[in-house]
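Encoded as structure tokens, the structure appears first; notes follow it.
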Amino acid sequence: MLKNLPQGPTTFGGRGLAFVHGTRIVMKVGPTCSQWNAPKAADNGVCGWCAYIPLREDLEPAVQFERP
């Protein structure tokens with residue numbers, strides 16, 4: 001397990017959307033199917049649509065833009 005996970009909004013190689021809190025991953029959008037996840041599946045860190053199980057090595061910080 002990686003010790004230095006990116007915290008806050010993250011993606012999996014630029015796809016999907018998850019939020020990392022410590023070592024916990026909450027997956028909101030699956031990176032394979034691009035579907036919004038069911039809340040119970042999201043809290044478990046897997047995709048309820050395509051059954052994607054995240055690889056911690058694929059996590060990268062999501063790009064955040066500032067509003068003008």
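For the reader, a short list of remarks on this structure follows.
Table: residues versus (1) among the charged types (D, E, K, R); (2) under 11 Å from the mean Cα position of the chain (by Cα); (3) open to solvent by 90 Å² or more (accessible area, probe 1.4 Å); (4) at pLDDT 90 or above.
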residue	(1), (2), (3), (4)
P9	no, yes, no, yes
K28	yes, yes, no, yes
S34	no, no, no, yes
E60	yes, yes, no, yes
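- Elements of type strands (runs of 3 or more DSSP E) in the chain, at least 2 residues being basic (K, R): 24-29
The values are calculated or read from the model by the stated rules, or taken from the named source; none is laboratory data. Predicted model only: the values in this text are computed from it and were never measured. The accessibility values were calculated without ligands, DNA or RNA, using every heavy atom of the protein model including side chains. Shrake-Rupley method; radii C 1.70, N 1.55, O 1.52, S 1.80 Å.
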